[in-house]
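Right, one structure below, let's go through it.
The values are calculated or read from the model by the stated rules, or taken from the named source; none is laboratory data. For clarity, every value in this text was computed on a predicted model and none was experimentally measured. FYI the Cβ positions are ideal-geometry reconstructions off the backbone, even for glycines, and counts take in every protein chain you see. Remember, those area values only see protein heavy atoms, side chains included, never the ligands or the DNA or RNA. Shrake-Rupley method; radii C 1.70, N 1.55, O 1.52, S 1.80 Å.
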Amino acid sequence: MDVVLPCLDEAGALPWVLKRMPPGYRAIVVDNGSTDGSADLARDLGALVVHEPVKGFGSACHAGLTAATAPVVCFCDCDASLDPRELPYVAEPVRDGDADLVLGRRRPATRGAWPPHARLANRVLAHKLRARTGARLHDLGPMRAARREDLLALGLTDRRSGYPLEMVVRAAEASWRIQETDVRYLPRTGRSKVTGTLRGTLTAVRDMSAVLAHV
């Protein structure tokens with residue numbers, strides 16, 4: 001399995017994240033312009049490092065997807081909010097042919113792991129997604145897995161925060177079998193770019209709403 005880890009200044013979290021990568025799972029750290037030495041640290045810790053100069057969460061995710069070579073590709077945040085040891089829960093149903101796309105439904109491990117404004121925004125977007133696609137999802141969580149060739153065939157175009165949502169919309173349109181499984185959601189390490197700030201959350205909501213309006 002290959003695991004795409006979009007990375008922007010995550011030096012504080014990388015040792016924990018990469019140490020917990022399950023056997024047989026290769027970490028692909030996509031550096032999206034870090035200034036804290038994240039890329040060198042990830043390389044020293046044994047990860048494959050890909051540099052993506054074009055800013056944006058979707059740009060980093062897609063660069064990692066194109067660099068991957070394993071039949072099944074996972075995506076996971078690089079900030080220690082998700083435990084890589086739980087990756088098999090999302091990857092194995094795809095590997096075994098029981099699902100085409102599996103998303104980790106985040107379950108907060110502590111009271112402050114998921115700020116209320118971010119949880120509310122996610123709930124609203126998930127409701128819109130269910131109404132649009134019929135997919136019975138409650139979370140647009142970043143831990144997910146699918147087959148590499150199938151993902152590339154979706155022709156995803158968003159390169160900002162709408163990339164994860166576009167993936168689900170396109171997958172539903174292609175009649176993929178989409179599943180959800182619970183994963184723990186932990187307090188992130190370091191400064192949050194999205195869920196930890198109201199501005200970041202609003203930017204993500206704007207990007208995802210644009211995807212729903214145009215795909």
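Numbers for the structure displayed
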read-out	value
Residue match in region 50-68 (condition: in a strand (DSSP E or B), touching a residue at least 24 places away in the same chain (Cβ under 8 Å) and in contact with a Lys or Arg (Cβ under 9 Å, 6 or more places away or on another chain))	no
All positions within region 86-97 that are over 15 Å from the mean Cα position of the chain (by Cα) and in contact (Cβ under 8 Å) with a residue 24 or more places away in the chain	PRO93, VAL94, ARG95
Yes/no for ARG105 being under 15 Å from the mean Cα position of the chain (by Cα) and open to solvent by 40 Å² or more (accessible area, probe 1.4 Å)	yes
Some residue of region 184-191 being modelled with pLDDT of 90 or more, of a type in the set (A, V, I, L, M) and surrounded by 21 or more Cβ atoms within 10 Å (Cβ to Cβ)	no
Residue match in region 104-123 (condition: closer than 15 Å to ARG144 by Cβ, charged (D, E, K, R) and touching a residue at least 24 places away in the same chain (Cβ under 8 Å))	yes
Enumeration of residues in region 51-73 that are out of contact with any Pro (no Cβ under 6 Å at 6 or more places or on another chain) and open to solvent by less than 30 Å² (accessible area, probe 1.4 Å)	GLY56, GLY58, SER59, ALA63, GLY64, LEU65, ALA68, ALA70, VAL72, VAL73
Top-ranked residue in region 67-85 [being among the β-branched types (Val, Ile, Thr) and within 15 Å of the chain's Cα centre (by Cα); ranked as nearest to GLY33 (Cα to Cα)]	VAL73
Region 125-136 - residue that is touching a residue at least 60 places away in the same chain (Cβ under 8 Å) and open to solvent by 70 Å² or more (accessible area, probe 1.4 Å) and, of those, farthest from the chain's Cα centre (by Cα)	ARG132
Check on CYS76, touching an Asp or Glu at 6+ places or on another chain (Cβ under 6 Å), surrounded by 20 or more Cβ atoms within 10 Å (Cβ to Cβ) and closer than 20 Å to PRO187 by Cβ	no
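For (1) at pLDDT 90 or above; (2) over 23 Å from ALA91 (Cα atoms); (3) open to solvent by 30 Å² or more (accessible area, probe 1.4 Å); (4) not β-branched (Val, Ile, Thr), each residue gets a yes or a no:
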| site | (1), (2), (3), (4) |
| --- | --- |
| GLY162 | no, no, no, yes |
| MET167 | yes, no, no, yes |
| ARG170 | yes, no, yes, yes |
| GLU173 | yes, no, yes, yes |
| GLU180 | yes, no, yes, yes |
| LEU202 | no, yes, yes, yes |
